[in-house]
1. Mind checking whether some residue in the range 150-158 is more than 21 Å from L124 (Cα to Cα), loosely packed, with under 15 Cβ neighbours inside 10 Å and either of a type outside the set (F, W, Y) or free of Cβ contacts under 8 Å to residues at least 12 places away in the same chain (or both)?
2. Report every pair of residues separated by at least 6 positions or lying on different chains whose Cβ atoms are under 7 Å apart, first residue within the range 66-77 and under 14 Å from A43 (Cβ atoms), second outside any helix (DSSP H, G or I) and open to solvent by less than 80 Å² (accessible area, probe 1.4 Å).
3. Out of all the residues in the range 1-50, which are open to solvent by 50 Å² or more (accessible area, probe 1.4 Å), in contact (Cβ under 8 Å) with a residue 40 or more places away in the chain and over 16 Å from the mean Cα position of the chain (by Cα)?
4. What are the residues in the range 51-83 that are over 23 Å from the mean Cα position of the chain (by Cα) and open to solvent by 70 Å² or more (accessible area, probe 1.4 Å), if any?
5. If you go through the range 125-141 one residue at a time, do you hit one that is open to solvent by less than 40 Å² (accessible area, probe 1.4 Å), closer than 30 Å to A27 by Cα and in a loop (DSSP other than H, G, I, E, B)?
6. Residue by residue through the range 101-124, note down the ones that are open to solvent by 80 Å² or more (accessible area, probe 1.4 Å) and touching a residue at least 60 places away in the same chain (Cβ under 8 Å).
7. When you look at A162, is it free of Cβ contacts under 8 Å to residues at least 60 places away in the same chain, more than 30 Å from A77 (Cα to Cα) and surrounded by fewer than 22 Cβ atoms within 10 Å (Cβ to Cβ), yes or no?
8. What's the number of the condition D92 fails, among (1) touching a His at 6+ places or on another chain (Cβ under 8 Å); (2) open to solvent by less than 60 Å² (accessible area, probe 1.4 Å); (3) not hydrophobic (A, V, I, L, M, F, W, C)?
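The values are calculated or read from the model by the stated rules, or taken from the named source; none is laboratory data. What you are looking at is a predicted structure, and each value in this text was computed from that prediction instead of being measured. Cβ placement follows ideal geometry from the backbone for every residue including glycine, while neighbour counts extend to all protein chains displayed. Just so you know, the surface numbers come from the protein's heavy atoms only, side chains and all, with ligands and any DNA or RNA stripped out. Shrake-Rupley method; radii C 1.70, N 1.55, O 1.52, S 1.80 Å.
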Amino acid sequence: MGGRQLHLHLTTWLGQWPAGPGLHVVAARRRAQPAWDGRLRPAIAVSAGEHQVLSVAPERVAAVRELALGSSRRLLAGLPTAVGHPDWVVHDDVFRWTEDPAPLPDVGEWIPPTSPGLPPWLRLFDRPVLVVRDDHGRYRAGVGVKWHDVYGRELAVGTVPAARGRGLARRLVAQAARRVLAEGAVPTYLHSRRNAASARVAEAAGFPDRGWRSFGVYPG
């Protein structure tokens, strides 16, 4: 299931990978530690076909395993409470990764996330972000890299409405993915299953939909 770097990333990020068929609730101390943006991610799951690993803090394993005995709908609805954050939200995403980004031309430049004119979401990152600006220096599109661990880095992309439809997002994602691979890690890309625009960007950038899924509890 995937290449060596992906295997190492998921083992490190989740606490175990792979697992046999079915849902496996596993303990990972990092679920009680700040993630890439300084905030907790108290539950994260990745599934590949029939194989699914759900990672939670050790003290939450028993409650989540009991919850998982019911339907998947019950699990998603009750997961925030089971991991101690009833007011947080569950993200239910497509999980994509690549070892062969699309050969699209570079379009952005790497700049500090503290640079003026960037949108608030890019300021969450503590490492350089990949940005396209227009002739007047105004932000048009950008990619941030979520450093989950030394083996895996998730890409997030955004484009201002006035600049959409020009292929900027797909070129930025492919450019960022090449850099992640050159640095010895695997690039991943997550998006809501209802987000058709993000799915098109991923496909065009060389992140195929392999039927993998991720869900988890995130800050509201």
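1. Looking through the range 150-158, none of the residues is more than 21 Å from L124 (Cα to Cα), loosely packed, with under 15 Cβ neighbours inside 10 Å and either of a type outside the set (F, W, Y) or free of Cβ contacts under 8 Å to residues at least 12 places away in the same chain (or both).
2. Going by the 7 Å Cβ cut-off, the qualifying pairs are A68/L23; A68/V25; L75/A68; L76/V90; L76/D92; L76/F215.
3. M1, L23, G49
4. E59, A62, R65, E66, L69, R74
5. Checked against the condition, which is being open to solvent by less than 40 Å² (accessible area, probe 1.4 Å), closer than 30 Å to A27 by Cα and in a loop (DSSP other than H, G, I, E, B), the range 125-141 yields at least one hit.
6. Across the range 101-124, the qualifying residues are P103, D106, L124.
7. yes
8. (1)
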